[in-house]
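Read through the structure below, which is laid out as structure tokens, and then see the notes.
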Amino acid sequence: MATARDMEKYSQLDQDKRAALLSLLSQDAAADHSAWQLFWQDVLGDEAGSGGEDLETLFSVFEEGISQITLANLEAEIVISQWVKEVIRIAKRRGSDQADFSELLLTRQLSKQVGPRDQGRPQTSDTREKILTAALEVFSAQGFHGTTVDEIAQRAELGKGTVYRHFHSKKGLFSELIRSKVAELEQAVAGAIDPRTDVLEIIEAYLRIYFAFFDRNRNLYKVLIQEQSDFGAEVKALYIGNILKKVPLLKRKILQAAKSGLLKQMDFHTVFYGVMGFIDGIMQKWLASDGEYSLVDDLPTVVETVFYGFVNPELPGESAGNQPR
């Protein structure tokens with residue numbers, strides 16, 4: 001029988017397969033069978049393996065798909081229904097009885113939610129938050145692949161069954177950790193940005209909130225950097241996607257400022273991604289120092305660079321009109 005560590009090992013699709021799965025799940029209509037067939041052939045191979053190996057892989061890939069649906073904010077009910085049908089279809093094609101496989105799939109998912117209760121430990125409303133806090137600490141210290149659910153449960157001082165009642169897998173826990181933290185950042189921005197404010201003040205306010213948030217959540221940024229090679233596509237879909245939800249107001253303000261002559265006429269998304277890349281570099285410098293200073297200390301330099309660049313408008317002995325280009 002597979003151990004908990006074995007199960008986590010089975011679940012780790014490589015980056016290309018995860019990207020392919022996310023692409024298939026994200027399609028507006030159910031992907032055609034030929035596209036899925038190529039995916040399953042890459043994951044399972046041409047020939048059916050032993051029943052146990054195929055089943056463990058299918059269960060693991062199913063959980064991977066559920067995690068990606070959650071992380072990418074896809075329309076859960078519709079996409080999950082299509083995903084369940086697809087996994088059952090391929091299980092049947094690989095020789096499993098449809099009714100037996102469906103029962104096993106349901107049993108496996110429910111057992112993770114129902115698991116054994118912690119004896120003598122009250123189930124408080126902050127249990128979920130305790131698990132997320134512990135997960136962030138362990139993931140930041142050991143990385144995703146170096147962490148087990150047992151270690152997270154131990155750090156949270158809870159039983160492993162309690163962790164599985166709240167999160168169906170280690171990947172699901174990781175996904176929810178990122179989602180909840182991005183939602184926290186989104187809330188902070190929503191509560192602080194006044195649409196009546198000048199565009200430059202809005203940009204500076206957003207940067208201040210952004211830096212202050214990661215000052216408080218250095219371990220989160222460390223995890224994002226550590227795991228970007230494996231989870232870059234999924235995290236970026238959530239992380240940048242949620243930031244862009246707050247952009248329409250900023251975009252309108254920038255267009256108005258460009259029309260008035262305050263700002264240059266430039267492609268908004270090119271500038272947005274360029275600025276985010278610059279800020280990411282500032283934050284990596286800060287992380288490399290082990291957070292020995294506050295990110296907000298860098299805000300004046302960042303604002304000056306973003307708004308006015310780093311070339312002195314009046315070089316010694318030259319007029320502004322004769323600056324080198």
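Each reported figure results from applying straightforward, stated rules to the coordinates on display, with no laboratory input. Predicted model, so just to flag it, every value in this text is computed and none were measured. As a convention, Cβ positions derive from the backbone with ideal geometry for all residues, glycine included, and neighbour counts pool all protein chains shown.
Data overview
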{"item": "Environment charge of residue 299, counting only residues whose C-beta is closer than 10 Å and scoring Lys/Arg +1, Asp/Glu -1", "result": "-3"}
{"item": "Least to most buried among 64, 304 (fewest other Cβ within 10 Å first)", "result": "304, 64"}
{"item": "Total formal charge among the other residues, if their Cβ is under 13 angstrom from that of residue 257, Lys/Arg +1 and Asp/Glu -1", "result": "+3"}
{"item": "Three-way shape label, region 127-167, alpha-carbon gyration tensor, a/c 1.5", "result": "prolate"}
{"item": "For 107, 127, 147, order by how many other beta-carbon atoms lie within 10 Å, fewest first", "result": "107, 127, 147"}
